[in-house]
Amino acid sequence: MKKGHSFWLLRLLLMTAAGVFIAAAWLFIYAHSDYTPAQLPLQFDLRTGSSLKSAAQQMADAGTLGNPAQFVVLARLLGAASKIKAGNYEINAPISPLELLRKITEGDYTQSAITFVEGWTFRQIRKALDEHPAVRHDTRGLSEADIRQRLAPGESSLEGWFFPDSYHFSSGASDWAILSRALRLMQSHLTVQWEKRAANLPLQTPYEALILASIIEKETGKPSDRPLIAAVFINRLRIGMRLQTDPTVIYGLGENFDGNLRKRDLVTDTAYNTYTRGGLPPSPIAMPGLASITAALNPPQNRLLYFVARGDGSSQFSRNLEEHNRAVAKYQLSGRR
């Protein structure tokens, strides 16, 4: 090999080595440099099914990351691109990209998490918290009024105010902290969706939207039916027709409900009996998910007024009582809606 060729080859190798060294040094410095969000503590939510790029953008939008593209490079080089865990996270101090990556791929350092499920009541949330071994049970034994006074003193009920999600936390975290996070997340989602609502809805406040969303959540057996169920209730509210929905009656029965809804329950007047009373019940009846909130505030425009369960989780929708009665006869159900 000629000397000139050897010189250029050596130079190329040295430049390549220098480039690799610089890239490795950059990666090391970036990975271990703390990033301080504009405010602490800071919550961020990673949606189910998020790709690495999408998750990085969600964190950047929440103020957790300065440069999502660099984070994506780091995660891919470390083989963590497919290990992201959806859920709600909280940062209480400055955090490096490496620590953040570990947090979202290992479900936080301690692997402690609790999931609040769509459609749960506040009673079910409290039961899950009380039974979780990694939670410090500071609210155990307190009444709902005591908890409400601390978390949301302006509200008449805590029902429906906690967002269903998986909450990752350090072992020994107080149930107060978890409830506060879930409450703030619901408030945030509700505020955003209220600003995006359709025009001329028969809903006066975000709280009314939350109440309706909770009913939609409990009535939805098949996710694709959710917008149509929302439309039925919105249409009924517009014309002053009673909602006539079983889940509100069941909620009003409370612990007296034995799993069998009887005719006498439908005619016995309570604040939550939407067969005997018009309009919305006084509070949510469960914890609605984002899809139900969105459906309540952006229902499709149609003339549907009735629906009946088909028996397979889906519903048959009708525009008038005649159509509805035929659907009831076909599916051999009681036709109480």
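The values are calculated or read from the model by the stated rules, or taken from the named source; none is laboratory data. Everything numeric in this text was worked out from a predicted model, so none of it was measured. Cβ: placed from backbone, ideal geometry, glycine included. Neighbour counts: every protein chain shown. Just so you know, the surface numbers come from the protein's heavy atoms only, side chains and all, with ligands and any DNA or RNA stripped out. Shrake-Rupley method; radii C 1.70, N 1.55, O 1.52, S 1.80 Å.
Looking at region 219-233, which of its residues are in a helix (DSSP H, G or I) and either closer than 12 Å to ALA291 by Cα or aliphatic (A, V, I, L, M) (or both)? Full working, then the answer.
Let us first name the residues in region 219-233 that are in a helix (DSSP H, G or I), namely 219, 223-233.
Those that are in a helix (DSSP H, G or I) and either closer than 12 Å to ALA291 by Cα or aliphatic (A, V, I, L, M) (or both): PRO223, SER224, ASP225, ARG226, PRO227, LEU228, ILE229, ALA230, ALA231, VAL232.
Can you pull out the residues in region 104-116 that are modelled with pLDDT of 85 or more and either in a loop (DSSP other than H, G, I, E, B) or under 15 Å from GLN43 (Cα atoms) (or both)?
ILE104, ALA113, PHE116
Being more than 15 Å from the chain's Cα centre (by Cα), surrounded by fewer than 22 Cβ atoms within 10 Å (Cβ to Cβ) and of a type in the set (Val, Ile, Thr) is the filter here, so list the residues in region 190-236 that pass it.
If the condition is that a residue be more than 15 Å from the chain's Cα centre (by Cα), surrounded by fewer than 22 Cβ atoms within 10 Å (Cβ to Cβ) and of a type in the set (Val, Ile, Thr), then THR205 is the only one that fits.
Here is a list: ALA81, ALA38, ALA62, ALA55. Which entry is in contact (Cβ under 8 Å) with a residue 40 or more places away in the chain and of a type in the set (A, V, I, L, M)?
Numbers: ALA81 fails: in contact (Cβ under 8 Å) with a residue 40 or more places away in the chain; ALA38 fails: in contact (Cβ under 8 Å) with a residue 40 or more places away in the chain; ALA62 fails: in contact (Cβ under 8 Å) with a residue 40 or more places away in the chain.
From the options ALA81, ALA38, ALA62, ALA55, the qualifying one is ALA55.
Could you give me the residue pairs with C-beta distances under 7 Å whose first residue belongs to region 255-266 and is open to solvent by less than 80 Å² (accessible area, probe 1.4 Å), whose second residue is among the aromatic types (Phe, Trp, Tyr) wherever it lies, and which are 6+ apart or on separate chains?
LEU266/TYR275
With the condition kept exactly as written, say whether any residue in region 78-94 is open to solvent by 60 Å² or more (accessible area, probe 1.4 Å) and of a type in the set (Phe, Trp, Tyr).
No; the residues of region 78-94 include none that is open to solvent by 60 Å² or more (accessible area, probe 1.4 Å) and of a type in the set (Phe, Trp, Tyr).
Conditions tested, residue by residue: (1) of a type outside the set (Gly, Ala, Ser); (2) buried (at least 18 other Cβ atoms within 10 Å of the Cβ).
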| residue | (1), (2) |
| --- | --- |
| GLU106 | yes, no |
| PHE116 | yes, yes |
| ILE125 | yes, yes |
| ALA134 | no, no |
| HIS137 | yes, no |
| GLY141 | no, no |
| LEU151 | yes, yes |
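Among the candidates LEU228, LEU297, which residue alone is in contact (Cβ under 8 Å) with a residue 12 or more places away in the chain and either touching a His at 6+ places or on another chain (Cβ under 9 Å) or closer than 24 Å to LEU158 by Cα (or both)?
Numbers: LEU228 fails: either touching a His at 6+ places or on another chain (Cβ under 9 Å) or closer than 24 Å to LEU158 by Cα (or both).
Step by step, each of LEU228, LEU297 is checked, and only LEU297 is in contact (Cβ under 8 Å) with a residue 12 or more places away in the chain and either touching a His at 6+ places or on another chain (Cβ under 9 Å) or closer than 24 Å to LEU158 by Cα (or both).
Output the residue which, of all residues in region 237-247 that are out of contact with any Lys or Arg (no Cβ under 8 Å at 6 or more places or on another chain) and surrounded by 11 or more Cβ atoms within 10 Å (Cβ to Cβ), is nearest to ILE216 (Cα to Cα). I'd like the intermediate steps shown before the answer.
Filtering region 237-247 for residues out of contact with any Lys or Arg (no Cβ under 8 Å at 6 or more places or on another chain) gives 237-241.
This time we only want the ones that are surrounded by 11 or more Cβ atoms within 10 Å (Cβ to Cβ), so: 237-238, 241.
Values: LEU237: 14, ARG238: 16, MET241: 16 Å.
Restricting to residues being out of contact with any Lys or Arg (no Cβ under 8 Å at 6 or more places or on another chain) and surrounded by 11 or more Cβ atoms within 10 Å (Cβ to Cβ), the top hit is LEU237.
Take the residues in region 52-73 that are polar (S, T, N, Q) and closer than 22 Å to THR115 by Cβ, then tell me which one is modelled with the lowest pLDDT.
Filtering region 52-73 for residues polar (S, T, N, Q) gives 54, 57-58, 64, 67, 70.
Those still in the list that are closer than 22 Å to THR115 by Cβ too: 54, 58, 64.
Details: SER54: 91, GLN58: 90, THR64: 84.
Looking at the filtered set, the residue picked out is THR64.
Search region 280-304 for residues being part of a loop (DSSP other than H, G, I, E, B) and hydrophobic (A, V, I, L, M, F, W, C), and hand back the single one that is most open to solvent (accessible area, probe 1.4 Å).
LEU280
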